[in-house]
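See structure below.
The values are calculated or read from the model by the stated rules, or taken from the named source; none is laboratory data. Please read all numbers here as calculations on a predicted model, not as lab measurements. Neighbour counts are summed over all protein chains in view; Cβ atoms, including those assigned to glycine, are modelled from backbone coordinates with ideal geometry. Side chains are part of the model used for accessible areas, which takes the heavy atoms of the whole protein and leaves out ligands, DNA and RNA. Shrake-Rupley method; radii C 1.70, N 1.55, O 1.52, S 1.80 Å.
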Amino acid sequence: MAADAYDNLYVCNPGLGSVLRYNAVDGSVDTVTRGPRDVGFVHLNSLTFAPDGRAFVSDSGSWGEDDGRVYELLGNGQTQLMTMEAPRFTNGLAVDPSGRYLYVVESRFGVSRFAIETHTLGRRETVLPTAGRVPDGLAFTIDGGMIVSFYQPNTIWKVDPDGRVATLLEDPQASMLAMPTNVAFAGDRNRTLLIANLGARTVVAHELTESGAHPFRPETPLAARSCGAGPIDSTTDEVVSEDERRGGR
């Protein structure tokens, strides 16, 4: 989930196959999109904002099928396919503190990134291969380092800006970490790392010495009809790029 400049909260609900929006003014919940028309999302997963207000969402696809995709959510309720170049169970998304790159977790590969360009994304760059592990979520520290959670084994990595990897937390017995998924920062000076655990249905906290980067909370076209102005029309079309029509990403 992610919040915009008006405190509206956008939530990926894979059970409904929809992105929902909680209206901070009146508490109502409406549907932003149900995905591409006649197709929908296979396994809706993660959402993040870029500083210019663009919203990216991951569709993991089916495990082992390598059919994951990244979409952009448009203000008219449409979804635009952005890339199929990170298909190996497309999972957690995050924009780095510079606002220049969209980082994508592939649970069957590792972490990749794409330059955020006007109306498109750049080519895929490998950032962190994680062979034999199942990464799930990520968040950035204020200096551009990464915190990466592993659904299996029960581990959290810290990756320095220069690429050095250290194990921050591990729990072979799953007494505290049990299938960790998303991670986020909160608390005093943004130094409390919150870790969601799917296996235990818990959220645990771990204090760090460095501060986390605040996610971008921009003004966004998705909020154009929020704040009591009524729900977005949930009838959606997929907008396919020229590259996709030619068989590219």
Tally, over the range 122-143, of residues that are surrounded by 13 or more Cβ atoms within 10 Å (Cβ to Cβ) and either at pLDDT below 95 or over 21 Å from the mean Cα position of the chain (by Cα) (or both): 0
If only one of V19, V11 is open to solvent by less than 20 Å² (accessible area, probe 1.4 Å), at pLDDT 95 or above and of a type outside the set (G, A, S), which one is it? V19
Per-region count, the range 147-167, residues outside any loop (DSSP other than H, G, I, E, B) and surrounded by fewer than 16 Cβ atoms within 10 Å (Cβ to Cβ): 4
I'd like to know if the range 183-204 contains one or more residues that are in contact with a Phe, Trp or Tyr (Cβ under 7 Å, 6 or more places away or on another chain) and buried (at least 21 other Cβ atoms within 10 Å of the Cβ). yes
Which one of the conditions (1) modelled with pLDDT of 95 or more; (2) within 30 Å of T120 (Cα to Cα) does I156 fail to meet, given that it meets all the rest? (2)
Among the residues of the range 124-139, which ones are closer than 18 Å to T167 by Cα and either part of a loop (DSSP other than H, G, I, E, B) or touching a helix residue (DSSP H, G or I) at 6+ places or on another chain (Cβ under 7 Å) (or both)? T130, A131, G132, R133
Is it fair to say Y103 is touching a strand residue (DSSP E or B) at 6+ places or on another chain (Cβ under 9 Å) and under 16 Å from T130 (Cβ atoms)? yes
In this structure, is G187 in contact (Cβ under 8 Å) with a residue 24 or more places away in the chain and out of contact with any His (no Cβ under 7 Å at 6 or more places or on another chain)? no
With a cut-off of at least 1 residues that are farther than 16 Å from A2 by Cβ, touching an Asp or Glu at 6+ places or on another chain (Cβ under 7 Å) and not hydrophobic (A, V, I, L, M, F, W, C), name the strands (runs of 3 or more DSSP E) lying wholly within the range 44-123. 69-73, 79-83, 90-95, 110-117
Do you know which of the residues in the range 31-75 that are among the basic types (K, R) and modelled with pLDDT of 95 or more is most open to solvent (accessible area, probe 1.4 Å)? R69
